[in-house]
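Working notes, beginning with the structure itself.
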Amino acid sequence: MSIDRATISTAMVPYEERIDYQRPADIKLPTASERDGRELYRRNPTYRNIANLMEHPEFRKMYDTHFGTPDDAKVIMMFLKVYEAVETQSGGTLTGYQKLSVMDQAINDGRMRQQLCDGFSAWASGKTQRTQDVHDRLRLT
């Protein structure tokens, strides 16, 4: 196999400088429209939820603290799913403080933690899209 000079010279040029490279368009912040944003907020429930969460100071503090890496995000997602499971299993009879206490007990019990991690992993893997995988692992007595 022979390599010609054109191939070598093209290979040595940074990808961004090649003629065929199409640079993504930059988003110009001054052109961001308040009116367009309000319309998106009104008609797109997902965007509305994101904006509401990210603009809320308590959520933003948690997000900035616990979503720095994919592993951090997985851990906090698991805690949220465990909290949700406690809520569901208790039938809505517990206060927020009681839910935290039950969640802490479940996480600190090695066997229960492993079951919850397995349920979360099944849910997060996409093999099953059921929150029930986490809920099934938590049994409140």
Karplus couplings for the range 100-117 from phi (6.51 cos²θ - 1.76 cosθ + 1.60, θ = phi - 60°), rounded to Hz, Gly and Pro as x? 4, 5, 5, 4, 4, 4, 5, 5, 7, 8, x, 5, 5, 4, 4, 5, 5, 4
Between D36 and K74, what length comes free when the chain is fully extended (0.36 nm per residue of separation minus the Cα-Cα distance, one decimal in nm)? 10.4 nm
Using each residue's phi in the range 40-55, evaluate 6.51 cos²θ - 1.76 cosθ + 1.60 at θ = phi - 60° and report the 3J(HN,Hα) Karplus result to the nearest Hz, with x for Gly and Pro. 4, 4, 5, 9, 10, x, 5, 4, 4, 4, 4, 4, 4, 5, 5, 8
Tell me, what HN-Hα J-couplings in whole Hz come from the Karplus equation 6.51 cos²θ - 1.76 cosθ + 1.60 at θ = phi - 60° for each residue of the range 71-82, using x for Gly and Pro? 5, 4, 5, 5, 4, 5, 4, 5, 4, 5, 5, 5
Need one number: nm distance between label points at E84 and T65, each 7 Å from Cα along Cα→Cβ, rounded to one decimal. 2.1
For q values of 0.17 Å⁻¹, compute log₁₀ I(q)/I(0) with the Debye formula on a Cα-only model of the range 67-135, without solvent. -0.60
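For a Förster distance of 35 Å, can you work out the FRET efficiency between the beta-carbons of N49 and I107, rounded to the nearest 0.05?
Step by step, r from the Cβ atoms, then E = 0.85.
Could you sort 52-59, 75-82 so that the peptide with the highest average Cβ count within 10 Å comes first and the rest follow in order? Display every interim value, and only then the final one.
Details: 52-59: 10.2, 75-82: 17.5.
Result, highest mean first: 75-82, 52-59.
Computed from the coordinates by the stated procedures, all read-outs in this text should not be read as laboratory data. Remember, predicted model here, so these are calculated numbers, not experimental data. Every residue, glycine among them, receives a Cβ derived from its backbone with ideal geometry; neighbour counts consider all protein chains shown.
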